[in-house]
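The values are calculated or read from the model by the stated rules, or taken from the named source; none is laboratory data. Everything quoted here is computed from the prediction, not taken from an experiment. Here the Cβ is made from the backbone with ideal geometry for all residues, glycine too, and neighbour counts use every protein chain on show. Just the protein is used for accessible areas: all its heavy atoms, side chains included, with ligands, DNA and RNA removed. Shrake-Rupley method; radii C 1.70, N 1.55, O 1.52, S 1.80 Å.
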Amino acid sequence: MVDNETLRQLSARKSVRVFTEEPVTAEERAAILEAAFQAPTAGNQQLYTILDITDPELRRTMADLCDHQPMIAQAPLCLVFLADCRRWPRAYRAAGVEIRDPGPGDLLLAVADSCIAAQNAVTAAESLGIGSCYIGDVLENCEAVRAALHLPPQVVPAAMLIFGRPTQQQKDRKKPTRFPAEAVVCENVYRDRTEEELRADFAARAGGEYDFDAKIPPFCAFKYNSDFSREMSRSAAVYLKDFPFGVE
Ligand SMILES: Cc1cc2nc3c(=O)[nH]c(=O)nc-3n(C[C@H](O)[C@H](O)[C@H](O)COP(=O)(O)O)c2cc1C
C-alpha cells in the first residue's frame with residue numbers, strides 16, 4: 001500500500017461534533033477559506049458564495065432549522081457553502097450580454113463546485129488540527145432557511161460545515177469503518193451486489209460479524225424513513241421545482 005502524509009491525514013480524518021472553547025484564529029480561518037478557493041472549480045468560475053455565520057442568534061436559528069443540532073450554535077466556525085448561479089449572470093448583464101435564465105444544469109454544477117470547495121476546507125482544517133462536520137440538514141426547511149439567510153434568487157444552500165478543535169473524547173472516538181472496495185467500485189458497468197454479497201459487505205464494514213436483520217431496520221427508521229429525511233426530500237423538491245426563485 002502506498003503511503004504518505006496526505007494519504008494518512010485523509011484516512012485519519014473523522015467528523016468532529018464536540019469542540020473545545022479554543023477559537024479558530026483569523027489566520028486559520030483565512031487558510032481554510034483559501035484552500036476552498038483553490039479547489040477545482042468548473043470553468044474557474046467559483047460558482048459559490050461562502051456564508052460565515054458569526055451572529056449567535058442566526059447560529060441558534062440554523063441549529064434549530066437543521067434538525068435541532070446544538071453543536072451548530074456552539075462550534076467556533078460555521079460556514080455555509082451556497083451554490084451561486086447569480087454572480088456570473090450579473091456580470092454578463094453588466095457587460096450588456098443578453099442571457100437565458102439559469103436552469104437545473106447550472107444549479108447542479110454550482111452544487112458540485114460548492115461541495116468540492118467545502119471538502120478542500122475540511123482537508124485544510126484537518127491539516128491544522130481543526131476538526132469539522134458537514135451538516136446535511138441545511139437542505140431541510142427550504143423556505144425558513146432561505147428567509148433566515150436572506151438568500152436572493154439563484155442562490156441555494158449546498159453544504160454546511162462546522163469547525164473547531166476536537167475534545168479529547170472526540171479524538172479518542174473510533175472512526176466509523178467503510179465498505180470494502182469491491183462493494184463500492186465497479187469496472188466499466190454498474191452491477192448490483194447480490195443479497196449475499198450485500199450482507200457480506202455490511203459484515204466487512206463492521207469488521208466481522210454483523211446482525212444484518214436486526215441492525216438494518218432501526219438504521220432505516222432513523223436515517224431513511226425518518227421525518228428529517230422526508231423533510232429533506234420535500235425541500236429538495238422545492239429547490240428543484242422553484243429554482244431560480246425568480247430572476248432579477
Ligand atoms: C453530506 C453530508 C451530510 C452530513 N450531515 C451531518 C449532520 O447533519 N449531522 C452530523 O452529525 N453529521 C453529518 N455528517 C457527517 C457524517 O455523519 C459522517 O461523515 C459519517 O458518519 C462518517 O463519519 P466520519 O466523517 O467520521 O468518517 C454529514 C456528512 C456528509 C458528507
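Kirkwood radius and radius of gyration were both taken over the C-alpha atoms of the range 1-107, and their ratio Rg/Rh is 1.06.
Residues considered: 114, 132, 229. Largest GNM mean-square fluctuation over the chain, using C-alpha springs under 10 Å, is found at 229.
Rolling a 1.4 Å probe across all protein chains gives residue 215 an accessible area of roughly 110 Å².
With the helix formula -39500 (n - 2.57) applied to DSSP H stretches of n ≥ 4, the chain reaches a computed 222 nm mean residue ellipticity of -14500 deg cm²/dmol. Most tightly packed first, judged by the mean number of other beta-carbon atoms within 10 Å of their residues, the peptides 175-181, 40-46 read 40-46, 175-181. Sum up the charges of everything whose Cβ sits under 15 Å from the Cβ of residue 184, counting Lys and Arg as +1 and Asp and Glu as -1, but leave residue 184 out. Summing Lys and Arg as +1 and Asp and Glu as -1 gives -1. Determine the sum of side-chain charges near residue 141: Lys and Arg each +1, Asp and Glu each -1, restricted to other residues whose C-beta is under 11 angstrom from that of residue 141. Once all neighbours under 11 Å are counted, the net charge is -4.
Each Cα pair under 8 Å and six or more residues apart adds its separation to the average, and for the range 36-108 the resulting relative contact order is 30 percent.
Pairs of Lys residues in the chain are counted when their Cα atoms are under 24 angstrom apart and they lie 8 or more places apart or on different chains; the count is 10. In order along the range 46-52, phi translates into HN-Hα couplings of 6, 7, 8, 10, 9, 9, 8 Hz, rounded to whole numbers, per the Karplus curve 6.51 cos²θ - 1.76 cosθ + 1.60 with θ = phi - 60° and x for Gly and Pro. Summing Lys and Arg as +1 and Asp and Glu as -1 over all other residues whose Cβ lies under 13 Å from the Cβ of residue 99 gives a net charge of +1.
For the range 110-248, the solvent-accessible area with a 1.4 angstrom probe is 57 square angstrom per residue.
Membrane-span-like helices of the chain, defined as complete DSSP H segments with a Cα extent of 27 Å or more along the helix axis and a mean Kyte hydropathy of at least 0.5, are identified as 104-127. In the context of the full protein assembly, residue 231 retains an accessible surface of approximately 40 Å², using a probe radius of 1.4 Å and ignoring ligands and nucleic acids. Counting only protein heavy atoms and a probe of 1.4 Å, the accessible surface of the range 93-248 is 58% carbon and sulfur.
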